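The values are calculated or read from the model by the stated rules, or taken from the named source; none is laboratory data. Quick caveat, the model's predicted, so the values are computed rather than measured. Here Cβ is always computed from backbone atoms with ideal geometry, including for glycine, and neighbour counts include all displayed protein chains.
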Amino acid sequence: MVAVRLIQFAEVITHRGVTQEFGHPIASFGAIKYKLAEMVARTYAGVARASAVRLTDGRRQIVHLTIAGADDIPIAPTSDLFINLRQALRQFGDPYQNIQVAVRKLKLLLISARVRLLPDYQWESVEPVIRAALLKHFGFAERELAQDALASEALSVMQAQAGVAYADLDTFDAVGEDETNLGHLGASLTLKRRVKAYPARIDRHSAAPVILPAQMAYLSPAIADTLILTEIIR
């Protein structure tokens, strides 16, 4: 129902040009056009994240909308959700505005850390607490599209847990979602101060202009090897 009302609102201000600002219909401002697309997408059941940006491929202006499913469930371009959302944006949006919809590109965070405990604390008790805190802070529910992940965040989360004297990071990095074999990465993983998650953008390395969807960086509880915690023995 909320999605329908937002779509109707988009139709009103786009086609009828009712609200004015500086003598022009608000719908004529580009920022309104792409923000409406973002608002409508966020109200769709099954969509948890949405981010819209205006881009140009050298020939035309494009509103590019990146989405992520609830709990990051896969959204196939052939799914009803994807097709219905795209049709709604085209039907009720500005007929002269090109709109593209794409699913987010995942950057899977990889964290390896060593932790020293205070006296009288047991690793078997503290380790699950640290793990849960990191998974929550860097989990999908707490992250946004195009939100960078910082090593300083990881250190702050670990050091805030009861029983932790200090923590040292060995690895703070990320790999693409298509990377299934983490074991062979080895020395290629590094300790980064910041893992970048880029918004939708033009791929400058492509021969023809190609729009890359926004990235999302988060820590997955489903893959144990992405979070390794080791106790520093006194």
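Go through the stretch 122-234 and tell me which strands (runs of 3 or more DSSP E), entirely inside it, have 3 or more residues that are under 29 Å from residue 67 (Cα atoms) and not assigned by TED's automatic domain parsing to the domain that holds residue 49. Talk me through it step by step, then tell me what you get.
Numbers: elements: 164-176, 215-218, 227-231.
Of the strands (runs of 3 or more DSSP E) lying wholly inside the stretch 122-234, those with at least 3 residues that are under 29 Å from residue 67 (Cα atoms) and not assigned by TED's automatic domain parsing to the domain that holds residue 49 span 164-176, 215-218.
Any residue in the stretch 174-190 that is touching a Leu at 6+ places or on another chain (Cβ under 9 Å) and closer than 21 Å to residue 116 by Cβ?
No, the stretch 174-190 contains no residue that is touching a Leu at 6+ places or on another chain (Cβ under 9 Å) and closer than 21 Å to residue 116 by Cβ.
For the stretch 174-184, check the following and say yes or no: at least one residue is surrounded by 13 or more Cβ atoms within 10 Å (Cβ to Cβ) and modelled with pLDDT of 95 or more.
yes
Please identify the pairs in which a residue from the stretch 121-137 that is touching a residue at least 24 places away in the same chain (Cβ under 8 Å) has its Cβ atom under 8 Å from the Cβ atom of a residue that is of a type in the set (Asp, Glu) and not in a helix (DSSP H, G or I), counting only partners at least 6 apart or on another chain.
Once the first residue is touching a residue at least 24 places away in the same chain (Cβ under 8 Å) and sits in the stretch 121-137, its partners that are of a type in the set (Asp, Glu) and not in a helix (DSSP H, G or I) give 123/231; 127/231.
Can you name the residue in the stretch 64-112 that is small (Gly, Ala, Ser) and over 13 Å from residue 145 (Cβ atoms) and, of all such residues, is surrounded by the most Cβ atoms within 10 Å (Cβ to Cβ)?
Initial filter on the stretch 64-112 (small (Gly, Ala, Ser)): 68-70, 76, 79, 88, 93, 102, 112.
Restricting the remaining residues to those that are over 13 Å from residue 145 (Cβ atoms) gives 70, 76, 79, 88, 93, 112.
Working: 70: 15, 76: 11, 79: 15, 88: 19, 93: 23, 112: 18.
Once the filter is applied, the top-ranked residue is 93.
If I ask for residues that are among the acidic types (Asp, Glu) and touching a residue at least 24 places away in the same chain (Cβ under 8 Å), which ones from the stretch 143-175 would you list?
Here is the first cut: in the stretch 143-175, the ones among the acidic types (Asp, Glu) are 144, 148, 153, 168, 170, 173.
144, 148, 168, 170, 173 - these are the residues of the stretch 143-175 that are among the acidic types (Asp, Glu) and touching a residue at least 24 places away in the same chain (Cβ under 8 Å).
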